[in-house]
Each structure stands twice: as C-alpha cells, then as structure tokens.
1. Among what's in segment 91-108 and is in a loop (DSSP other than H, G, I, E, B) and touching a helix residue (DSSP H, G or I) at 6+ places or on another chain (Cβ under 6 Å), pick the residue that is modelled with the lowest pLDDT.
2. I'd like to verify a number: residues in segment 164-180 that are of a type in the set (A, V, I, L, M), more than 20 Å from Asn65 (Cα to Cα) and either touching a residue at least 60 places away in the same chain (Cβ under 8 Å) or assigned to a helix (DSSP H, G or I) (or both), how many?
3. Could you list, in sequence order, the residues of segment 96-126 that are hydrophobic (A, V, I, L, M, F, W, C), more than 12 Å from Leu19 (Cα to Cα) and either exposed (fewer than 15 other Cβ atoms within 10 Å of the Cβ) or touching a Lys or Arg at 6+ places or on another chain (Cβ under 8 Å) (or both)?
4. Condition test on Glu302, is it over 19 Å from Arg100 (Cβ atoms), outside the structural domain of Val183 (by TED's automatic domain parsing) and in contact (Cβ under 8 Å) with a residue 24 or more places away in the chain?
5. Any idea how many residues of segment 109-126 are assigned to a helix (DSSP H, G or I) and without any contact (Cβ under 8 Å) to a residue 24 or more places away in the chain?
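The values are calculated or read from the model by the stated rules, or taken from the named source; none is laboratory data. What you see is a predicted model, and the numbers here were worked out from it, not measured in a lab. Note that each Cβ is placed from the backbone with ideal geometry, even for glycine, and that neighbours are counted across all protein chains shown.
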Amino acid sequence: MSQLFVSYSSKDRTKIKRLVDALVQKHPSWKIWWDKHIPAGAAFDREIGKALAQSEAIVVCWSTNSIDRDWVLDEALEGKERDILVPIALNKTEFPFGYRRIQAINFQRWNGGVGAQCFKELEKALERKLGSSASNPVKKPSKVPAKRHTKRKLSGGLDGKTIVFTGTLAQRRADHAEKVEMVGASFVNAGVTSNTDYLVVGKNPGAKKLADAKRHRTKKLSEKQWHRLLNRTYRRILEGRQIAFTGRLEEDRNKQFKKVKRLKAMPSESITKETTFLVVGKNPGAKKLADAKKYNLHVMEEKLWNEIVASLLRKRRFLLF
C-alpha cells in the first residue's frame, strides 16, 4: 500500500476530510495519513515523524490558515527536500518564501467531486510520485536542513549559520525565513540543537527551546537585536556587489539603480558570473531566472529588497524594525 501524507491547518479540517474521502473512494489501495490517525495518548511529534518517514508523497494544503503554521512549513520542507511535495491551494493566498515558484494545484472552487479537473490533476501528480517511490528510497526526516553550500558566500558574518525562532513575533515567520535566506543562513522551523547558532526569541517563547538553547549554549537574540544584526549584515554583503533586476517593478528602474549606488553596490541590466543578487518583480524573465540558477545567485522578492533599502538608507535605520 502507498503511504500518502496530508499536511494542513486544523481550521481547514472540513475541506480536508472531503479531500481524503474522495481519494479513498478513487484509490482504496492508497494508505492516506492525516492527523486523525494519531492514537489516543500517543506522542504527537513522534507519530507525525514516523508517518513522514514512511511517506512517499506529501500533499501540503496551502491556505490563509496554514501558511504561517510551523508544522505545515516543516512538513512542506520535508516534501521539498525529498522531492515528494505535491502542493494544492485551498484559497487565494501568498505562499511562503521558498515555495512560490512551485506550482500548486488550484482547489479554490472544488466542490468535492472526483470528476473535477483539479482533482484529476492531483491524482496524476500523486501517481507520478507514488509510482517512482520504489526507485527512490525513503529518507528519514531531518530536523535540520542541509547547509546551502551551492550559494555564493557573502562574508557578512551569517554564512552557513542556523537560525531558529520561538514565541510570538512581530513579523511572520515566512518573512523571517526570507531574510535568513538572503544573508546566506539557514532558517529552521524545528527545535534547538547543537548545530543552532542563534535562537531569536519573541513573546511567550517555548520553554523547551529556551532550555535546549541553554543546554547547547546557543546565543539568544530578541527580535529587535536580530533585525539590528541583519542590518549590519546587509551593509556588508551589499557593498561592492553587483545587483540585477527582472520583471515589472513597483518603482522606476532608474530610481532603483540610484538606490543601489547609494548602498555602494553596482546595478546591472544583465546577469553575469559577477552578479551576486537578483531582485524579482512581477512576471520575471525566464532567461534571467535560469541564469540566476546557473550562477547560484541569491534571489529575493522586490518587497524584501525595498524593505532592506528603506531600512539602510534612512538616518535612524533601526526604526523600521
């Protein structure tokens, strides 16, 4: 029997039950796991970890309810790293950073019918993943993702560092994840381990993460201290770097180029081996995206770029955070 894992927010349970029922109806041989299968009294994390390890396909159900849920992001990362991720969109929402270019199947208007086009697309995607699982041995879920050695070193002080967050934060975790990626570090949504370099602490932090940070002597930062560290790092990694843009930008490109120069960086119309960053607007060029991948560039959305610029170019730059 095939192992299929469904990741979602409990607020979407009614929709997910319809989806699971429809999949069971069409594919009785598929073993479908969702958190309804956790036995009474069982350790929640252990049961989920066991199910993920056995899974051959992971359906992540993106919605306004799920995009900020830590466990959904963890499960999506597991699927992405093992190339068994099948995302669907339950309603209109912006996907978390790192998943925006992975095509999700549109289930916004699905009424539960197994003959709907979106349901057929899901079946095909799952059949491809489940059909190839025999030749791809299941890997155990990793709590800490591998370091990103393929990206260029930025020498801003945070290259290769592992950052964990805990508690209620002023900004969304997805936004923090984008900032962490930008400076060459690794965003981790799991617990604190001996590999964790910084624990960023918000309001009402988790007692276990705090205890583990103390045990592993992990440096703790408030969210304000974290943003100050980011600002110092931004200045170091942008100075002298070549920055390219692609797509339709919210602000005139000439104005963006002037801001690049004010940051002591170098604007570029094209991507070469000398380029370090690519800022992406709406409808980006396919060639520039391909070149960015070819040269292992650091890619960021225009929204983050504008936030960085606003932070660094104002006189009292810490006010933004």
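1. So, considering only residues that are in a loop (DSSP other than H, G, I, E, B) and touching a helix residue (DSSP H, G or I) at 6+ places or on another chain (Cβ under 6 Å), the one modelled with the lowest pLDDT is Phe97.
2. The qualifying residues number 1.
3. Ile102
4. Answer is no for this residue.
5. Result for segment 109-126: 4.
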